[in-house]
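Here's the structure, in structure tokens; my notes come after.
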Amino acid sequence: MFRIFSQKIDTNPKKIQKILERGVEDIFVKESLEKKLKSGRRLNIKLGFDPTGPNIHIGRAIVLRKLKAFQDLGHNIIFIVGDFTAQIGDPSDKLEKRPFLSSEKIAENLKNYKEQLGKILDLSKVKFLYNSSWLSNLTLKETAELAESFTVGQMANRRNFKERIDRGEEVSLREFLYPLMQGYDSLKVEADVELGGFDQLFNLKAGRIVQKHFGKKEQDILTTKMLEGTDGRKMSTSWGNVINIIDSPKEMYGKVMSIKDELLPQYFILCTDLEKLEIDSILSGNDPRSAKMRLAKEIVSIYHNSAAAREAEEGFVNTFSKKEIPEDIKVVTVEKNRLLSDVLVDEKILSSKTEFKRFAEEGGIHNLGSDSKITDFKYLVSEPIKIRIGKKNFLEIKVI
């Protein structure tokens, strides 16, 4: 049904080994998947994304880059846009109920999805499908038959459901339906292999259960490792610790330079194409800053190009190493003797006066004119000033 591309299947053992090992958390069932990849048979490789937000960050790009590796071997790539399941809400790794997402919000989030995916995948060799085309047409009888695939015990023992139940919190039947729907996607597209993040394992295994229930061959599963955000917490847009694949080269480079030193090894492995021997060599020098600059250059080159990466690096060096002020510094005009904290919050550079206090205490607000730090919580802007807040935010304040 979906075997539409004629590229010859590549069974190179080294490439297959790399697919099965690099950035991989778990494979179920590894022996089966390895045998399939070596057989020369064209496989249906499935990956689904729910468009719950407008941007794809480099954490979510890990599984997309793995999908590209399968694409390069010549396999059928089936990308399922979860426009229906996004409305239901994926409970994976969530310790509270997800709200319904409106169809209007989903449509808004989808506007630039293909453009972003095109930074990683060859879109001419991708079969795009929207799961609303089959899930929205399921009758109650068909839904009941699908629900027969699972028991209540299986659902209730799911880790995040169990934790919520143990705390006395509600888990809706709607949330129980989500893995069934993802599993039904696998049935509809005849998936041989499904990819996903490790937090998706329960949903991915649902595909095997549904396929078996309906008498079909069970898909193999490959899960990728999870990437922590720049601050070491889970990568989350709401926490501001993400690097989006459509960030400008300058912004992307600066964000990479802000990651915690201890995250360097996993960022190199999960976000670049460098071989492990070269990565080990880069990290062996005990110079985190130089290693980050190389990492930043590699990542910007992947999502933009090498020329943009060089330009971003030059801008970073000029700004931070030579203490130059960027040409595009933001300029605001305020009334004399305004509190600096109010200005930074009003301009959305800092989120609150509490955050201003923390930056001031930690020496994170620099007066670029006098090369000094502003530590006074009640600092008044009495004259024009240029400041740097943290590592990458610059502001010129004029006074009237």
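With springs only between Cα atoms under 10 Å, which of ASP166, ASP72, ASP273 fluctuates most in a Gaussian network model of the chain?
Comparing ASP166, ASP72, ASP273 in a Gaussian network model of the chain, the most mobile one is ASP166.
Under the rule of -39500 (n - 2.57) per DSSP H run of 4 or more residues, summed and divided by the residues of the chain, what mean residue ellipticity at 222 nm is obtained, to the nearest 500 deg cm²/dmol?
-12000 deg cm²/dmol
Which ³J(HN,Hα) values, rounded to whole Hz and listed in residue order, are derived for the range 250-265 from phi using the Karplus coefficients 6.51, -1.76 and 1.60 in 6.51 cos²θ - 1.76 cosθ + 1.60 with θ = phi - 60°, glycine and proline given as x?
5, 5, 4, 4, x, 5, 4, 5, 9, 5, 5, 4, 5, 8, 4, x
Please list 3J(HN,Hα) in residue order for the range 8-25, calculated via the Karplus relation 6.51 cos²θ - 1.76 cosθ + 1.60 where θ = phi - 60°; whole Hz, with x for glycine and proline.
Using θ = phi - 60°, the values come out as 5, 6, 8, 10, 4, x, 5, 5, 5, 4, 5, 4, 7, 10, 6, x, 8, 8 Hz.
Taking the Cα atoms only, what angle lies between the long axis of helix 201-213 and the longest principal axis of the chain, rounded to 10 degrees?
Relative to the chain, helix 201-213 is tipped by roughly 20 degrees.
Please list, by residue number, every one of the trypsin sites (Lys or Arg not before Pro) in the range 37-78 that is coil in DSSP and has at most 14 other beta-carbon atoms within 10 Å.
Counting only loop positions with at most 14 other Cβ atoms within 10 Å, the trypsin sites (Lys or Arg not before Pro) in the range 37-78 are ARG41.
What residues have an amide H closer than 5 Å to that of GLY229, excluding those fewer than 5 places away on the same chain, when H is modeled at 1.01 Å from N in the peptide plane?
LYS234, MET235
Counting pairwise Cα distances across the chain, what percent come out greater than 29 angstrom?
53 percent
Once R0 is set to 25 Å, what does the formula 1/(1 + (r/R0)^6) return for the Cβ-Cβ distance between GLU25 and LEU277, expressed as a FRET efficiency to the nearest 0.05?
Efficiency, from the Cβ-Cβ distance: 0.65.
With loop defined by DSSP as not H, G, I, E or B, and exposure as at most 15 other Cβ atoms within 10 Å, which is the longest segment of the chain clear of exposed GluC sites (Glu not before Pro)?
The longest uninterrupted stretch comes out as 171-274.
To make sure I understand the rule: partners must be lysines, Cα under 17 Å from the Cα of LYS30, and not fewer than 8 residues away in the same chain. Which ones qualify?
Once the sequence-local lysines are set aside, what remains near LYS30 is LYS14, LYS15, LYS18, LYS38, LYS46, LYS66, LYS205, LYS217, LYS225.
Could you pull out the trypsin sites (Lys or Arg not before Pro) across the range 79-173 that fall in loop regions by DSSP (anything but H, G, I, E, B) with no more than 13 other Cβ atoms inside 10 Å?
LYS111, ARG167
Run the reach check for LYS292 against aspartates and glutamates, Cα to Cα strictly under 17 Å, same-chain hits fewer than 8 apart removed. What comes back?
Reachable aspartates and glutamates: GLU228, ASP231, GLU251, ASP261, GLU262, ASP273, GLU275, GLU278, ASP280, GLU311, GLU313, GLU314.
Could you list the residues of the range 350-394 with an amide nitrogen less than 11 Å from a label point located 7 Å from the Cα of ASP342 in the Cα-to-C-beta direction?
380-381
Using Cα springs under 10 Å in a Gaussian network model of the chain, which residue among GLY23, GLY82, GLY215 shows the largest mean-square fluctuation?
GLY215
Taken together, the values in this text are just the output of simple stated rules run on the coordinates, not laboratory data. These figures come from a predicted structure and were not determined experimentally. Because the Cβ atoms are built from the backbone with ideal geometry, glycine has one as well, and the counts that use them run over all protein chains shown.
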